[in-house]
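Below: the structure, in structure tokens.
Just so it is clear, none of the values below were taken in a lab; they were calculated from the coordinates. All values derive from a computational prediction rather than experimental measurement. Neighbour counts are summed over all protein chains in view; Cβ atoms, including those assigned to glycine, are modelled from backbone coordinates with ideal geometry.
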Amino acid sequence: VQLQASGGGLVQTGDSLRLSCTTSGRSFSYYMMGWFRQAPGKERDFVAVIGVSDGYTIYADSVKGRFTISRDNAKNTMYLEMNSLKPEDSAVYYCAVKHLSGSVHDTGRYAYWGQGTLVTVSS
């Protein structure tokens with residue numbers, strides 16, 4: 001089982017990026033999935049989570065209104081559309097499967113972490 005995050009890069013303030021998280025080895029169509037990010041020297045923070053369908057989503061306050069999480073179960077892929085990027089959005093972005101009940105903000109409720117993709121936003 002593997003999650004592969006991709007789509008990161010170096011962009012300027014105000015630009016957009018779309019991250020993808022592709023799963024292989026098994027289907028997670030019936031699991032919630034989430035995005036987290038970790039800046040150098042900081043803890044891994046919750047960004048967004050999506051339910052089985054696009055109808056249930058939760059965002060961190062810091063990205064609400066700028067980021068959109070979605071998924072295509074037929075393609076075993078989850079996305080994070082990031083708009084109006086800011087330097088403080090710079091981090092390694094990770095995707096994971098929420099396999100335990102409880103807080104969506106708790107990294108301990110997630111498994112099958114991907115290797116992460118680096119997003120750098122220059123000012």
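Some values worked out for this structure:
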read-out	value
Stretchable slack from S53 to Q4, in nm (0.36 nm times residue separation minus alpha-carbon distance)	15.6 nm
Listed peptides 66-74, 37-45 by packing density, highest first (mean Cβ within 10 Å)	66-74, 37-45
C-alpha center-to-center spacing [segment 1-73, segment 80-114] in angstrom	6 Å
Dipole axis of segment 18-61 (+1 Lys, Arg; -1 Asp, Glu on Cβ), positive-most option in T57, G34, L19	L19
Unit charges on C-beta of K, R, D, E only; dipole of the chain, Debye	220 debye
Relative contact order (%) - the chain, alpha-carbon pairs under 8 angstrom, separation at least six	36 percent
D_trans [Stokes-Einstein, Kirkwood Rh over alpha-carbon pairs] for segment 69-123, 20 °C, 1.002 mPa s, µm² s⁻¹	165 µm²/s
For the chain, built as a Gaussian network whose Cα springs stay under 10 Å, the top-fluctuating residue of L85, L100, L19	L100
Packing-based order for 114-123, 7-16, using average beta carbon neighbours within 10 Å, highest first	114-123, 7-16
Cβ-defined net charge surrounding Y112, 13 Å radius [Lys, Arg +1; Asp, Glu -1]	+3
The chain: radius of gyration over Cα atoms, expressed as a fraction of 2.2 N^0.38 Å	0.97
